[in-house]
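Shown next, in structure tokens, is the structure this report addresses.
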Amino acid sequence: MLEQVKEQKTLYVVVCAAGPAAEAGTLVGLAQERGWVVQVMATPAAVGFIDIDALEKQTGRPVRSRHRLPGEPRSPKADAVIIAPATFNTINKLANGIADNYVLDVVNEAIGLGVPTVVLPFVNSAYADRAPFKSSVDKLRAEQVRVLIGPGAFIPHDAGAGADAFERFPWALALDAHAS
Ligand SMILES: Cc1cc2nc3c(=O)[nH]c(=O)nc-3n(C[C@H](O)[C@H](O)[C@H](O)COP(=O)(O)O)c2cc1C
């Protein structure tokens, strides 16, 4: 009898420049345990927050933060996208169709293509209470993007208390959202 080969699906993990970015390997590990092939992408600002060598070793793939040069291999197509931690800046830009860096190009297009996309913010309550941010969350949800903020998801911390909130950052919720 022929053994059925289960095709592995590709998850783009998009990392923005917020404190928990340094622990993005946690999300990568959890995703790999669930059978995803992981392609890490980082905003230009996030590059200084992450350990690129460690993430490349963990995924076996280059971390992408800029457009490909001619001759460089393409990333595999995304079956799903997680932006975590997602910053105030990237959430507002994405909601409004701004694509002024590589990962915003990729995720704007992915949403348009209907690729399931989850946003796990890491913002303080001063940012989260701003009218433009609330409007961005609504706009993304209207496009079927799962934005994990609010009860049962990420709860914004007080301004200045971000470091205490790193440990509680609910990485696994982003994966659960793709499973549901
Ligand atoms: C040490 C440090 C911590 C930061 N933490 C956050 C944060 O938790 N959430 C957030 O939205 N922005 C945070 N910022 C601000 C973002 O890094 C800044 O808005 C940046 O432009 C975001 O770029 P990106 O969205 O392209 O990653 C932080 C900046 C620094 C320097």
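Just need the relative contact order of segment 22-112 here, percent rounded to a whole number, with Cα pairs under 8 Å and 6+ apart.
It rounds to 27 percent for segment 22-112.
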As a test of the definition: which semi-axes, in Å, follow for the chain when you take the square root of five times each eigenvalue of its alpha carbon gyration tensor? Largest first, please.
25, 18, 17
Would you report the distance distribution of C-alpha pairs in segment 67-106 as whole percents per 10 angstrom bin, up to the bin with the largest distance?
23, 48, 26, 2
Given unit charges at Cβ for Lys, Arg (+) and Asp, Glu (-), the dipole magnitude of segment 57-180 about its Cα centre in debye, nearest 20, is 360
Once you sort the root eigenvalues of the Cα gyration tensor of segment 6-97 as a ≥ b ≥ c, which label holds: rounded (a/c under 1.5), prolate (a/b larger than b/c) or oblate (the other case)?
rounded
Label segment 134-176 by shape, choosing from rounded, prolate and oblate, from the square roots a ≥ b ≥ c of the eigenvalues of the Cα gyration tensor; if a/c is under 1.5 it is rounded, and otherwise prolate applies when a/b is larger than b/c, oblate when it is not.
oblate
In sequence order, calculated HN-Hα J values of segment 104-120 (Karplus, 6.51, -1.76, 1.60; Hz; x Gly/Pro):
5, 4, 5, 6, 4, 5, 4, 4, x, 7, x, 6, x, 10, 10, 10, 10
Long-range amide H contacts for VAL147: which residues qualify at under 5 Å (H placed 1.01 Å from N, peptide plane, sequence gap of 5 or more or a different chain)?
VAL119
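Where a number appears in this text, it was derived from the coordinates with a stated rule and is not lab data. These numbers come from a predicted model, not from an experiment. Positions of Cβ are backbone-derived with ideal geometry, glycine not excepted, and every protein chain shown enters the neighbour counts.
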